[in-house]
Amino acid sequence: EAGVAQSPRYKIIEKRQSVAFWCNPISGHATLYWYQQILGQGPKLLIQFQNNGVVDDSQLPKDRFSAERLKGVDSTLKIQPAKLEDSAVYLCASSPEDRGATQETQYFGPGTRLLVL
Amino acid sequence: AQRVTQPEKLLSVFKGAPVELKCNYSYSGSPELFWYVQYSRQRLQLLLRHISRESIKGFTADLNKGETSFHLKKPFAQEEDSAMYYCALSGYQAGTALIFGKGTTLSVSS
């Protein structure tokens, strides 16, 4: 099966500019996650969708970050305006619909590497 | 607080030597523990999870609730094991996000 797709793979912008990232999860996967991975750190959850509804966005800096998942498939993550500290790899992951009581495996995309100058 | 700690940033071993990547966690409740791996120029992928009790690529990990640890072990390292390894936890119920450690780079040389 095709994996999680993300674009662009790399992006360089000036601070205070806007940027958007796109994610296409594995077909049929109900849950979609956006993680931020700063250099030297592990991935940190920004937002989690179940179909097209938000499950957890407690760590999303809502003054500048926004995300949507229209029709419960593709998702976009936007930063407006960007700050220097937003330089990171943005990872999208998806997992199948929950059928049991335990965590389904998350499948990760290749990530988008953002550099804010 | 929910936290995963990987104390080593880098672990360098020779081919054929035993490997142990350390992971300690803090979680209120019953977590599920995972090891994810990222090989050079590849995406992050699941290596193993404690609930499966499997051995993947010769790696095993045992959950020690008393010590709150989930160390990853392999008796004989191979050069192809060189990668970044992340320990992660989630709540036991389905659909919860992962909390990752900072990762350990394993370098296996001949």
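Laboratory data are not the source of any read-out in this text; all were calculated from the coordinates shown. Because the structure is predicted, anything quoted here is derived from the model rather than measured. Every residue, glycine as well, gets a Cβ built from its backbone with ideal geometry; the counts of neighbours run over all protein chains shown.
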Problem set entry | Enumeration of residues in the range B:20-43 that are among the hydrophobic types (A, V, I, L, M, F, W, C) and farther than 16 Å from A:GLU104 by Cα | B:LEU21, B:CYS23, B:VAL37
Exercise. Which members of the range A:1-60 meet the condition of being of a type outside the set (Phe, Trp, Tyr), in a strand (DSSP E or B), at the interface with chain B (Cβ under 10 Å from one of its Cβ atoms) and surrounded by 19 or more Cβ atoms within 10 Å (Cβ to Cβ)?
Worked result: A:GLN6, A:THR31, A:GLN37, A:LEU45, A:LEU46, A:ILE47, A:GLN48
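Looking at B:HIS71, B:HIS50, which is the one that is more than 13 Å from chain A (Cβ to nearest Cβ) and not hydrophobic (A, V, I, L, M, F, W, C)? Break it down into steps so the answer makes sense when it comes.
Working: B:HIS50 fails: more than 13 Å from chain A (Cβ to nearest Cβ).
The unique qualifying residue is B:HIS71.
crowded, with 19+ Cβ neighbours inside 10 Å, aliphatic (A, V, I, L, M), within 28 Å of B:PHE34 (Cβ to Cβ) and touching a Ser or Thr at 6+ places or on another chain (Cβ under 8 Å), is that true of A:ALA67? Explain how you work it out, then say what you get.
On the way: crowded, with 19+ Cβ neighbours inside 10 Å: yes; aliphatic (A, V, I, L, M): yes; within 28 Å of B:PHE34 (Cβ to Cβ): yes; touching a Ser or Thr at 6+ places or on another chain (Cβ under 8 Å): yes.
It is true that A:ALA67 is crowded, with 19+ Cβ neighbours inside 10 Å, aliphatic (A, V, I, L, M), within 28 Å of B:PHE34 (Cβ to Cβ) and touching a Ser or Thr at 6+ places or on another chain (Cβ under 8 Å).
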Exercise. Applying the selection to the range B:42-58, what residues are touching a Phe, Trp or Tyr at 6+ places or on another chain (Cβ under 8 Å) and surrounded by fewer than 16 Cβ atoms within 10 Å (Cβ to Cβ)?
Worked result: B:GLN45, B:GLY58
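Please report, ordered by residue number, the strands (runs of 3 or more DSSP E) entirely within chain B with at least 2 residues that are within 24 Å of A:GLN41 (Cα to Cα) and of a type in the set (Gly, Ala, Ser). Reasoning before the result, please.
Values: elements: B:3-5, B:10-14, B:19-21, B:24-26, B:31-38, B:45-49, B:72-74, B:83-91, B:104-109.
In chain B, the matching strands (runs of 3 or more DSSP E) lie at B:83-91.
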Problem set entry | Verdict on B:VAL13 being surrounded by 12 or more Cβ atoms within 10 Å (Cβ to Cβ) and either within 20 Å of B:GLY91 (Cβ to Cβ) or of a type in the set (S, T, N, Q) (or both) | no
For this session: Select, from B:TYR25, B:TYR39, the only residue that is hydroxyl-bearing (Ser, Thr, Tyr), crowded, with 16+ Cβ neighbours inside 10 Å, touching a residue at least 40 places away in the same chain (Cβ under 8 Å) and in contact with a strand residue (DSSP E or B) (Cβ under 6 Å, 6 or more places away or on another chain).
Result: B:TYR25
Exercise. What number goes with the only condition from (1) within 24 Å of B:GLN6 (Cβ to Cβ); (2) crowded, with 20+ Cβ neighbours inside 10 Å that A:ALA82 does not pass?
Worked result: (1)
Problem set entry | Residue list for the range B:44-61, restricted to those being without any contact (Cβ under 8 Å) to a residue 12 or more places away in the chain and closer than 27 Å to A:GLY111 by Cα | B:GLN45, B:ILE56
